[in-house]
């Protein structure tokens with residue numbers, strides 16, 4: 001399945017939602033494949049969160065903004081804490 005291209009929008013929130021929706025099917029399929037290969041669903045969720053954090057750090061690092069990096073890490077930590085509180 002191909003990832004849907006961005007529909008032009010000046011609204012950052014709208015672009016973020018478009019991207020999330022475009023990635024959702026393949027993301028879910030990736031998680032399902034890992035679980036079907038024998039990995040625990042919780043471990044898969046944490047691994048995907050860690051990989052997401054690495055992507056955020058790399059992307060923010062290229063932008064060169066320490067504030068962007070700090071904000072991205074804080075948001076990811078909040079999401080991780082919600083995952084681990086189950």
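FYI, it's all coordinate maths here, none of it is from the lab. Just so you know, these numbers come straight off a predicted model, no measurement behind them. Every residue, glycine among them, receives a Cβ derived from its backbone with ideal geometry; neighbour counts consider all protein chains shown.
The single condition among (1) closer than 23 Å to residue 6 by Cα; (2) without any contact (Cβ under 8 Å) to a residue 12 or more places away in the chain that residue 22 does not satisfy is (2).
For residues that are part of a helix (DSSP H, G or I), out of contact with any helix residue (DSSP H, G or I) (no Cβ under 7 Å at 6 or more places or on another chain) and closer than 20 Å to residue 79 by Cα, tally how many sit in the range 33-47. Before the answer, list the steps.
Within the range 33-47, the subset part of a helix (DSSP H, G or I) is 33-36, 41-47.
This time we only want the ones that are out of contact with any helix residue (DSSP H, G or I) (no Cβ under 7 Å at 6 or more places or on another chain), so: 33, 36, 42-43, 47.
From what's left, closer than 20 Å to residue 79 by Cα: 42-43, 47.
Looking only at that region, the number is 3.
Have a look at 60, 70, 37 and point out the one that is over 21 Å from residue 2 (Cβ atoms) and surrounded by fewer than 11 Cβ atoms within 10 Å (Cβ to Cβ).
On the way: 60 fails: surrounded by fewer than 11 Cβ atoms within 10 Å (Cβ to Cβ); 70 fails: surrounded by fewer than 11 Cβ atoms within 10 Å (Cβ to Cβ).
None of the other options fit; the residue is 37.
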